[in-house]
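The block underneath contains the structure these notes are about, expressed in C-alpha coordinates.
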Amino acid sequence: MQDYSPYLKFAISLAETAGVIIETGWYGTFQTFEKGSGGDLVTEIDIAAEKAIFDRVRSTYPDHGTYGEESGGGSPLKEGFVWVVDPVDGTTNFSHRFPFVAVSIGLLYNGVPVVGVVYNPILKEIFTAIKGGGTLFQGKQVHVSTIQHLPRSLLATGFAYDRRETNDNNYREFCHMTQVSQGVRRAGSAALDLAGVAVGRFDGYWERGLKPWDIAAGILLVEEAGGKITSYEGGPLVLESGRILASNGLIHDQMIKELKL
Ligand code: IPD
Ligand code: CA
Ligand code: CA
(Lines give C-alpha, C1' and ligand atoms only; values in the text may rest on other atoms or scores of the structure.)
(Ligands and ions follow the chains in the order given, each with its own letter.)
Protein backbone atom coordinates (compact mmCIF):
# COMPACT_ATOMS: atom_id res chain seq x y z
CA MET A 1 0.00 0.00 0.00
CA GLN A 2 1.16 3.51 -0.77
CA ASP A 3 2.54 5.60 2.10
CA TYR A 4 0.29 8.64 2.35
CA SER A 5 2.00 10.13 5.42
CA PRO A 6 3.95 12.84 3.50
CA TYR A 7 0.59 14.05 2.16
CA LEU A 8 -0.87 14.15 5.68
CA LYS A 9 2.07 16.26 6.85
CA PHE A 10 1.54 18.59 3.90
CA ALA A 11 -2.25 18.74 4.53
CA ILE A 12 -1.62 19.76 8.16
CA SER A 13 0.69 22.54 7.02
CA LEU A 14 -1.97 23.68 4.50
CA ALA A 15 -4.51 23.77 7.33
CA GLU A 16 -2.11 25.88 9.40
CA THR A 17 -1.65 28.27 6.48
CA ALA A 18 -5.44 28.68 6.20
CA GLY A 19 -5.72 28.86 9.99
CA VAL A 20 -3.51 31.95 10.15
CA ILE A 21 -5.68 33.65 7.50
CA ILE A 22 -8.89 32.69 9.34
CA GLU A 23 -7.52 33.96 12.68
CA THR A 24 -6.44 37.23 11.10
CA GLY A 25 -10.00 37.82 9.92
CA TRP A 26 -11.57 36.61 13.15
CA TYR A 27 -9.58 38.99 15.34
CA GLY A 28 -9.66 41.79 12.76
CA THR A 29 -12.16 42.82 10.12
CA PHE A 30 -13.31 41.26 6.86
CA GLN A 31 -15.84 41.87 4.12
CA THR A 32 -18.80 39.53 3.67
CA PHE A 33 -20.77 39.04 0.43
CA GLU A 34 -23.94 37.08 -0.40
CA LYS A 35 -23.44 34.48 -3.13
CA GLY A 36 -27.10 34.25 -4.09
CA SER A 37 -30.46 35.02 -2.56
CA GLY A 38 -30.52 31.97 -0.25
CA GLY A 39 -28.21 33.35 2.45
CA ASP A 40 -25.07 31.58 1.17
CA LEU A 41 -22.25 33.82 2.37
CA VAL A 42 -18.65 34.21 1.32
CA THR A 43 -16.05 36.42 2.97
CA GLU A 44 -12.75 37.71 1.67
CA ILE A 45 -11.17 35.27 4.17
CA ASP A 46 -12.77 32.23 2.43
CA ILE A 47 -11.36 33.40 -0.90
CA ALA A 48 -7.88 34.21 0.46
CA ALA A 49 -7.61 30.93 2.37
CA GLU A 50 -8.55 28.79 -0.63
CA LYS A 51 -6.12 30.67 -2.87
CA ALA A 52 -3.28 30.22 -0.36
CA ILE A 53 -3.99 26.47 -0.11
CA PHE A 54 -4.23 25.84 -3.85
CA ASP A 55 -1.19 28.00 -4.66
CA ARG A 56 0.85 25.74 -2.37
CA VAL A 57 -0.72 22.53 -3.75
CA ARG A 58 0.03 23.59 -7.34
CA SER A 59 3.64 24.52 -6.64
CA THR A 60 4.33 21.38 -4.55
CA TYR A 61 2.34 18.78 -6.51
CA PRO A 62 1.79 20.17 -10.03
CA ASP A 63 0.31 16.86 -11.25
CA HIS A 64 -2.39 16.80 -8.52
CA GLY A 65 -5.92 18.10 -9.09
CA THR A 66 -7.75 20.67 -6.99
CA TYR A 67 -11.44 21.00 -6.13
CA GLY A 68 -12.65 23.80 -3.88
CA GLU A 69 -15.75 25.67 -2.86
CA GLU A 70 -14.58 29.14 -3.87
CA SER A 71 -13.29 27.79 -7.20
CA GLY A 72 -16.77 26.34 -7.78
CA GLY A 73 -15.36 22.81 -8.13
CA GLY A 74 -12.33 21.87 -10.21
CA SER A 75 -10.63 18.68 -11.37
CA PRO A 76 -12.54 15.42 -12.01
CA LEU A 77 -12.79 13.78 -8.58
CA LYS A 78 -11.98 10.23 -9.65
CA GLU A 79 -8.73 10.84 -11.54
CA GLY A 80 -5.53 10.46 -9.52
CA PHE A 81 -4.80 12.70 -6.56
CA VAL A 82 -7.27 15.56 -5.98
CA TRP A 83 -7.18 18.02 -3.06
CA VAL A 84 -10.78 18.75 -2.03
CA VAL A 85 -10.97 21.89 0.08
CA ASP A 86 -13.50 23.95 1.96
CA PRO A 87 -11.40 26.89 3.16
CA VAL A 88 -13.98 27.93 5.77
CA ASP A 89 -16.67 25.42 6.63
CA GLY A 90 -19.12 27.37 8.77
CA THR A 91 -18.97 30.71 6.97
CA THR A 92 -22.25 31.88 8.55
CA ASN A 93 -20.75 31.08 11.96
CA PHE A 94 -17.54 32.87 11.00
CA SER A 95 -19.36 36.00 9.90
CA HIS A 96 -21.17 36.11 13.28
CA ARG A 97 -18.05 35.07 15.20
CA PHE A 98 -19.64 31.88 16.48
CA PRO A 99 -16.47 29.83 16.96
CA PHE A 100 -17.57 26.64 15.16
CA VAL A 101 -15.57 27.06 11.98
CA ALA A 102 -12.98 24.89 10.28
CA VAL A 103 -10.82 24.46 7.26
CA SER A 104 -11.49 21.07 5.68
CA ILE A 105 -8.82 19.43 3.51
CA GLY A 106 -9.37 16.02 1.96
CA LEU A 107 -7.05 14.23 -0.45
CA LEU A 108 -8.73 11.74 -2.79
CA TYR A 109 -6.92 9.08 -4.79
CA ASN A 110 -9.07 7.87 -7.70
CA GLY A 111 -12.12 9.14 -5.79
CA VAL A 112 -11.26 7.48 -2.47
CA PRO A 113 -10.34 9.68 0.55
CA VAL A 114 -6.81 8.84 1.72
CA VAL A 115 -5.98 11.87 3.89
CA GLY A 116 -8.28 14.15 5.87
CA VAL A 117 -7.62 17.20 8.02
CA VAL A 118 -10.27 19.32 9.75
CA TYR A 119 -8.87 22.23 11.75
CA ASN A 120 -10.72 24.77 13.87
CA PRO A 121 -8.18 27.58 14.28
CA ILE A 122 -10.34 29.50 16.75
CA LEU A 123 -10.70 26.66 19.28
CA LYS A 124 -7.33 25.22 18.20
CA GLU A 125 -8.74 21.74 17.58
CA ILE A 126 -7.23 19.55 14.86
CA PHE A 127 -8.60 16.24 13.59
CA THR A 128 -6.51 14.19 11.17
CA ALA A 129 -6.80 10.83 9.44
CA ILE A 130 -4.85 8.75 7.01
CA LYS A 131 -6.25 5.72 5.21
CA GLY A 132 -5.40 2.64 7.22
CA GLY A 133 -3.76 4.72 9.95
CA GLY A 134 -6.63 5.71 12.25
CA THR A 135 -7.92 9.10 13.32
CA LEU A 136 -6.11 11.51 15.62
CA PHE A 137 -7.55 14.39 17.65
CA GLN A 138 -4.90 16.81 18.96
CA GLY A 139 -2.36 14.13 17.97
CA LYS A 140 -3.97 11.28 19.93
CA GLN A 141 -5.84 8.27 18.53
CA VAL A 142 -9.61 8.49 18.89
CA HIS A 143 -12.61 6.22 18.36
CA VAL A 144 -16.30 6.69 17.77
CA SER A 145 -18.72 6.37 20.71
CA THR A 146 -20.10 3.11 22.08
CA ILE A 147 -23.75 4.22 22.39
CA GLN A 148 -25.91 1.36 21.13
CA HIS A 149 -29.42 2.75 21.25
CA LEU A 150 -30.80 5.68 19.29
CA PRO A 151 -32.90 6.97 22.24
CA ARG A 152 -29.61 7.45 24.14
CA SER A 153 -27.80 9.18 21.29
CA LEU A 154 -26.83 12.76 20.53
CA LEU A 155 -27.06 13.52 16.81
CA ALA A 156 -26.02 16.31 14.46
CA THR A 157 -27.41 17.62 11.19
CA GLY A 158 -27.62 20.76 9.07
CA PHE A 159 -29.72 22.55 6.48
CA ALA A 160 -28.56 23.46 2.99
CA TYR A 161 -28.88 26.92 1.47
CA ASP A 162 -31.74 25.77 -0.80
CA ARG A 163 -33.93 24.99 2.24
CA ARG A 164 -36.43 27.75 1.46
CA GLU A 165 -36.93 26.56 -2.13
CA THR A 166 -37.53 22.85 -1.58
CA ASN A 167 -39.71 20.64 0.57
CA ASP A 168 -36.80 18.20 0.71
CA ASN A 169 -35.23 20.54 3.26
CA ASN A 170 -34.55 18.15 6.17
CA TYR A 171 -37.11 19.85 8.46
CA ARG A 172 -39.29 16.73 8.72
CA GLU A 173 -36.29 14.49 9.44
CA PHE A 174 -34.96 17.01 11.98
CA CYS A 175 -38.25 17.00 13.94
CA HIS A 176 -38.56 13.22 13.83
CA MET A 177 -34.96 12.50 14.86
CA THR A 178 -35.35 15.02 17.69
CA GLN A 179 -38.23 12.90 19.00
CA VAL A 180 -36.37 9.60 18.87
CA SER A 181 -32.94 10.67 20.24
CA GLN A 182 -31.63 12.67 23.19
CA GLY A 183 -31.19 15.64 20.87
CA VAL A 184 -30.09 16.93 17.48
CA ARG A 185 -27.53 19.73 17.22
CA ARG A 186 -27.27 22.08 14.23
CA ALA A 187 -23.96 23.78 14.80
CA GLY A 188 -23.27 24.96 11.23
CA SER A 189 -20.19 23.07 10.03
CA ALA A 190 -20.55 19.71 8.32
CA ALA A 191 -16.81 19.07 8.57
CA LEU A 192 -16.88 19.59 12.36
CA ASP A 193 -20.08 17.55 12.68
CA LEU A 194 -18.27 14.61 11.07
CA ALA A 195 -15.21 15.24 13.24
CA GLY A 196 -17.61 15.20 16.20
CA VAL A 197 -18.81 11.72 15.23
CA ALA A 198 -15.19 10.56 14.90
CA VAL A 199 -14.32 11.64 18.47
CA GLY A 200 -17.60 10.45 20.00
CA ARG A 201 -19.14 13.85 20.75
CA PHE A 202 -21.95 12.85 18.42
CA ASP A 203 -23.22 9.31 17.89
CA GLY A 204 -24.63 10.03 14.45
CA TYR A 205 -24.98 12.68 11.76
CA TRP A 206 -26.99 13.00 8.59
CA GLU A 207 -27.48 15.79 6.05
CA ARG A 208 -28.58 16.48 2.49
CA GLY A 209 -27.53 19.15 0.00
CA LEU A 210 -23.84 18.85 0.81
CA LYS A 211 -20.93 19.28 -1.57
CA PRO A 212 -17.80 17.10 -1.81
CA TRP A 213 -15.70 19.83 -0.11
CA ASP A 214 -17.95 19.70 2.99
CA ILE A 215 -17.34 15.99 3.62
CA ALA A 216 -14.22 14.72 1.78
CA ALA A 217 -12.04 15.03 4.90
CA GLY A 218 -14.72 14.25 7.49
CA ILE A 219 -15.74 10.91 6.03
CA LEU A 220 -12.21 9.57 6.43
CA LEU A 221 -12.13 10.88 10.04
CA VAL A 222 -15.26 8.85 10.82
CA GLU A 223 -14.21 5.70 8.98
CA GLU A 224 -10.73 5.62 10.46
CA ALA A 225 -12.19 6.15 13.95
CA GLY A 226 -14.23 2.96 13.48
CA GLY A 227 -17.49 4.58 12.37
CA LYS A 228 -19.71 3.99 9.39
CA ILE A 229 -20.48 6.19 6.37
CA THR A 230 -23.25 5.36 3.90
CA SER A 231 -26.09 6.81 1.88
CA TYR A 232 -29.39 7.38 3.75
CA GLU A 233 -30.44 3.88 2.62
CA GLY A 234 -27.28 2.18 3.88
CA GLY A 235 -25.56 1.77 0.48
CA PRO A 236 -22.13 3.08 -0.48
CA LEU A 237 -21.77 6.85 -0.19
CA VAL A 238 -21.74 8.74 -3.48
CA LEU A 239 -19.66 11.84 -2.79
CA GLU A 240 -21.56 13.99 -5.28
CA SER A 241 -25.04 12.87 -4.11
CA GLY A 242 -25.06 15.45 -1.32
CA ARG A 243 -26.61 12.97 1.14
CA ILE A 244 -24.65 11.34 3.90
CA LEU A 245 -25.33 9.20 6.94
CA ALA A 246 -22.50 8.87 9.46
CA SER A 247 -22.54 7.08 12.78
CA ASN A 248 -20.62 5.05 15.33
CA GLY A 249 -21.88 1.99 13.40
CA LEU A 250 -23.92 0.74 16.34
CA ILE A 251 -26.93 3.01 15.78
CA HIS A 252 -26.60 3.06 11.99
CA ASP A 253 -29.47 0.72 11.13
CA GLN A 254 -31.72 2.48 13.66
CA MET A 255 -30.95 5.80 11.96
CA ILE A 256 -31.68 4.36 8.50
CA LYS A 257 -35.05 3.12 9.73
CA GLU A 258 -36.03 6.38 11.40
CA LEU A 259 -34.89 8.57 8.49
CA LYS A 260 -37.45 6.74 6.32
CA LEU A 261 -40.35 7.65 8.66
C1 IPD B 1 -22.19 24.75 5.22
C2 IPD B 1 -21.98 24.09 6.55
C3 IPD B 1 -23.31 23.74 7.19
C4 IPD B 1 -24.15 22.89 6.29
C5 IPD B 1 -24.33 23.55 4.94
C6 IPD B 1 -22.97 23.84 4.33
P7 IPD B 1 -20.36 26.59 4.46
O8 IPD B 1 -20.96 25.06 4.61
O9 IPD B 1 -21.22 22.92 6.43
O10 IPD B 1 -23.14 23.04 8.41
O11 IPD B 1 -25.40 22.70 6.91
O12 IPD B 1 -25.04 22.66 4.12
O13 IPD B 1 -23.13 24.41 3.06
O14 IPD B 1 -21.24 27.30 3.49
O15 IPD B 1 -20.36 27.20 5.81
O16 IPD B 1 -19.00 26.32 3.89
CA1 CA C 1 -19.03 24.01 3.63
CA1 CA D 1 -17.20 27.14 2.95
Taking a ≥ b ≥ c as the square roots of the eigenvalues of the Cα gyration tensor, with a/c under 1.5 meaning rounded and otherwise prolate when a/b exceeds b/c and oblate if not, the stretch 150-259 is rounded
Evaluate the distance, in nm, between pseudo-label points positioned 7 Å from the Cα of SER231 and of PHE30 along their respective Cα→Cβ axes. 3.6
Any chance you could run the full-extension gain for LYS9 through GLN179? It's 0.36 nm times the residue separation minus the Cα-Cα distance, nm to one decimal. 57.0 nm
Can you work out the accessible area per residue across the chain, with the rest of the protein chains kept in place, probe 1.4 Å, in square angstrom? 43
Is the C-alpha gyration tensor of the stretch 5-142 telling us rounded, prolate or oblate? Criteria: a/c under 1.5 is rounded; beyond that, a/b larger than b/c is prolate, otherwise oblate. oblate
Rounded to the nearest 0.05, FRET efficiency between ASN110 and ARG152 (Cβ-Cβ, R0 41 Å) equals 0.60
Starting from the Cα gyration tensor of the chain, multiply each eigenvalue by 5, take the square root, and state the resulting semi-axes largest first in whole Å. 27, 22, 17
Length gained when the stretch TYR161-LEU123 is fully extended (0.36 nm per residue, less Cα-Cα span): 11.1 nm
Among LEU155, LEU123, LEU41: highest mean-square fluctuation, GNM of the chain, C-alpha pairs under 10 Å: LEU123
Measure off 7 Å from each Cα along the Cα-to-Cβ vector at GLN141 and LEU261, then give the distance between these two points in nanometres to one decimal. 3.7
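The values are calculated or read from the model by the stated rules, or taken from the named source; none is laboratory data. Note that the structure is a prediction, hence the values are computed from the model and not measured. We place every Cβ from the backbone using ideal geometry, glycine too, and count neighbours over all the protein chains shown. All accessible areas refer to the heavy atoms of the entire protein, side chains included, with ligands and DNA or RNA removed. Shrake-Rupley method; radii C 1.70, N 1.55, O 1.52, S 1.80 Å.
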